[in-house]
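Working notes, structure below.
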Amino acid sequence: MSQESDRPIRVVLFSGAYLDPPALRFALALETHPSVELVAVLCQAGAAGWRSRFRERWKRRGVLAVSVVLRDFLGATSRFLRDPRGSLARRALARRLAPRVLTVPDLHASQVLAQVRAWQPELGAVYGAPILRPELFSLPTLGTFGIHHGRVPDYRGRKTTFWEIYNGEKIAGVTIQRINAGIDTGDVVKAGEVPIGNKGYGRVERETQDLGLRLFVEAILEARTGHTVGAPQPAAGGRYYGQPKAADFLKLWLRVLGRRLGARFA
């Protein structure tokens with residue numbers, strides 16, 4: 001958009017096999033924002049439901065999938081106990097959004113592309129989706145933005161918040177980027193940082209998710225008013241990281257414990 005408009009920006013959200021808690025929180029933030037019209041949420045999976053979710057988690061994380069499921073359950077329980085009224089309100093919002101959350105086997109199937117064209121979105125938003133191809137991410141008139149929890153170009157790939165802590169960085173980054181044909185190589189639309197210090201992985205992850213949600217919404221609102229400014233990434237350099245294994249999490253826990261003990265007895 002080239003000028004201010006009172007009309008909400010039409011957004012299609014692309015996600016993974018399901019809306020995990022951070023992605024759902026982002027979707028609900030868009031659903032309730034008066035300047036955003038969340039047209040639909042597209043998830044790529046062979047089927048919907050909790051069995052499909054667990055299979056997908058097991059495929060990606062192996063035995064760690066059990067701990068992830070347990071963490072999500074305990075997190076939801078804790079949130080409900082702290083704020084039962086707010087939790088019930090979020091569940092009501094999720095039920096309102098549910099008819100527009102569509103699970104498809106292939107985001108790039110011809111019928112899916114045709115449906116996205118028919119919706120006429122102005123902006124695409126990626127939160128946890130598989131790698132999108134140009135035939136999909138170029139359909140929205142203003143392009144597609146994605147969130148990356150990591151500093152670019154130094155930390156591209158998967159679970160980069162984890163690797164930033166693992167490598168002893170002082171800060172963890174969050175990047176909102178314009179999706180292109182590369183992997184985490186698009187123009188940087190928004191960026192922010194969270195200090196790590198002696199925090200554990202869980203706390204740093206929560207703080208980067210909180211910051212990322214705020215930055216992502218800001219980027220969408222700036223796109224709505226035509227005020228998006230993107231900064232190209234360096235053409236060379238950077239590193240890609242993969243999914244950490246159970247042994248990596250154990251090493252990180254020992255490293256964080258050592259840092260805390262060292263700071264305590266210094």
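The values are calculated or read from the model by the stated rules, or taken from the named source; none is laboratory data. All of these numbers come straight from a predicted model, not from anything done at the bench. Note: ideal-geometry Cβ built from the backbone for every residue, glycine included; neighbour counts use all protein chains shown.
Would a scan of the range 2-13 turn up a residue that is polar (S, T, N, Q) and modelled with pLDDT of 85 or more? Steps first, please.
Restricting attention to the range 2-13, the residues satisfying the condition of being polar (S, T, N, Q) are 2-3, 5.
Right, trim to modelled with pLDDT of 85 or more and you get none.
No: zero hits.
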List, please: which pairs have Cβ atoms under 9 Å, are six or more places apart or on different chains, and start with a residue in the range 87-110 that is among the basic types (K, R) and end with one that is outside any helix (DSSP H, G or I)? R100/L38; R100/V39; R100/A40; R100/V41
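Let me confirm something: among K159, K190, which residue is at positive phi, under 19 Å from the mean Cα position of the chain (by Cα) and basic (K, R)? Spell out how you get there, then give the answer.
Working: K190 fails: at positive phi.
Criteria check complete, one pass: K159.
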From the set of residues in the range 136-180 that are out of contact with any helix residue (DSSP H, G or I) (no Cβ under 6 Å at 6 or more places or on another chain) and among the small types (G, A, S), which is farthest from P232 (Cα to Cα)? G168
Taking the conditions exactly as written (more than 18 Å from Q233 (Cβ to Cβ), surrounded by fewer than 23 Cβ atoms within 10 Å (Cβ to Cβ) and in contact with a Leu (Cβ under 6 Å, 6 or more places away or on another chain)), does E122 satisfy them or not? yes
Candidate set from the range 187-206 (those that are farther than 26 Å from P121 by Cα and part of a loop (DSSP other than H, G, I, E, B)); member that is modelled with the highest pLDDT: I196
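Please determine whether any residue of the range 161-171 is touching a Gly at 6+ places or on another chain (Cβ under 6 Å) and not in a loop (DSSP other than H, G, I, E, B).
Just the residues of the range 161-171 that are touching a Gly at 6+ places or on another chain (Cβ under 6 Å), to begin with: none.
So far as the range 161-171 goes, no, none of its residues is touching a Gly at 6+ places or on another chain (Cβ under 6 Å) and not in a loop (DSSP other than H, G, I, E, B).
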Tally time: how many residues in the range 173-184 are β-branched (V, I, T), farther than 19 Å from L142 by Cβ and part of a loop (DSSP other than H, G, I, E, B)? 1
Which residues, taken from the range 209-227, are surrounded by fewer than 21 Cβ atoms within 10 Å (Cβ to Cβ) and β-branched (V, I, T)? V217, T225
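Tell me yes or no: at least one residue of the range 207-222 is assigned to a loop (DSSP other than H, G, I, E, B) and not assigned by TED's automatic domain parsing to the domain that holds E31. Reasoning before the result, please.
Taking the range 207-222 first, the residues assigned to a loop (DSSP other than H, G, I, E, B) are none.
Among the residues of the range 207-222, not one is assigned to a loop (DSSP other than H, G, I, E, B) and not assigned by TED's automatic domain parsing to the domain that holds E31, which makes the answer no.
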Given the residues L102, L93, L97, which is the only one that is out of contact with any Phe, Trp or Tyr (no Cβ under 9 Å at 6 or more places or on another chain), within 18 Å of A23 (Cβ to Cβ) and in a strand (DSSP E or B)? L102
